[in-house]
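See structure below.
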Amino acid sequence: MPALNALPLNALRSGAVLAALGVMLGAFGAHALKAQLTPESLSTFETGVRYQMYAALALLILGTQPTQTRAPWPLLAGAVIFSGSLYLLTLTGVKVLGAVTPIGGVLMIAAFVLAALDARK
């Protein structure tokens with residue numbers, strides 16, 4: 001049973017770290033990148049921050065629910081892939097990174113479906 005007891009704690013920790021990084025990256029985008037990026041690129045960066053914060057808040061909530069054992073990990077992976085690819089796309093200009101973004105989105109969608117299924121327990 002220790003692994004099940006550790007799961008909510010790990011989801012809470014992951015959510016808190018993801019949220020802290022989201023605030024830092026949001027501030028970085030608003031202050032350091034605003035003058036460096038086109039409005040379109042800045043909007044792409046902000047989309048990454050927004051979805052990272054959605055995932056962070058969801059992880060914080062899921063971490064308080066003992067029945068939520070399947071959703072946290074694909075949600076975390078999805079947020080890292082989705083937001084991370086947008087950050088890298090914005091900062092490097094490598095357009096092929098945009099092809100990776102939907103993988104993260106699909107993982108996040110799957111995580112929310114799993115959360116709904118696990119909420120029935």
Dipole of the chain, positive direction: furthest Cα of LEU37, PHE112, GLN68, with charges on the beta-carbon:
GLN68
With Cα springs under 10 Å, the Gaussian network model of the chain assigns the largest mean-square fluctuation among ALA58, ALA71, ALA99 to ALA99
Taking just the alpha-carbon atoms of the stretch 18-66, what radius of gyration and Dmax come out, in angstrom?
12.9, 45
Extension gain LYS95-THR67, at 0.36 nm per residue separation less the Cα-Cα distance, in nm?
6.1 nm
Taking θ as phi - 60°, what are the ³J(HN,Hα) couplings along the stretch 50-66 by the Karplus curve (6.51, -1.76, 1.60), each to the nearest whole Hz, with x for Gly and Pro?
4, 5, 5, 5, 4, 5, 4, 5, 5, 5, 4, 6, 4, x, 9, 10, x
Taking the dipole of the chain about the Cα centre (Lys, Arg +1; Asp, Glu -1; charges at Cβ), the one of ALA11, VAL23, ILE81 that reaches farthest to the positive side is ALA11
Kindly provide the helix-only [θ] at 222 nm of the chain, computed as the sum of -39,500 (n - 2.57) over DSSP H runs of four or more divided by all residues, to the nearest 500 deg cm²/dmol?
-26000 deg cm²/dmol
Filter the trypsin sites (Lys or Arg not before Pro) in the stretch 30-82 down to the DSSP loop ones having no more than 12 other Cβ atoms within 10 Å, then list what survives.
LYS34
Inter-site label distance for ALA119 and ILE103 at 7 Å from Cα along Cβ, in nm
2.9 nm
Report P(r) for the chain: all Cα-Cα distances, bin width 5 Å, range 0 to the bin holding the largest distance, values in whole percent.
2, 13, 21, 21, 16, 11, 8, 5, 2, 1, 0
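Where a number appears in this text, it was derived from the coordinates with a stated rule and is not lab data. Predicted, not measured: the structure shown is a model, and the values here were computed from it. FYI the Cβ positions are ideal-geometry reconstructions off the backbone, even for glycines, and counts take in every protein chain you see.
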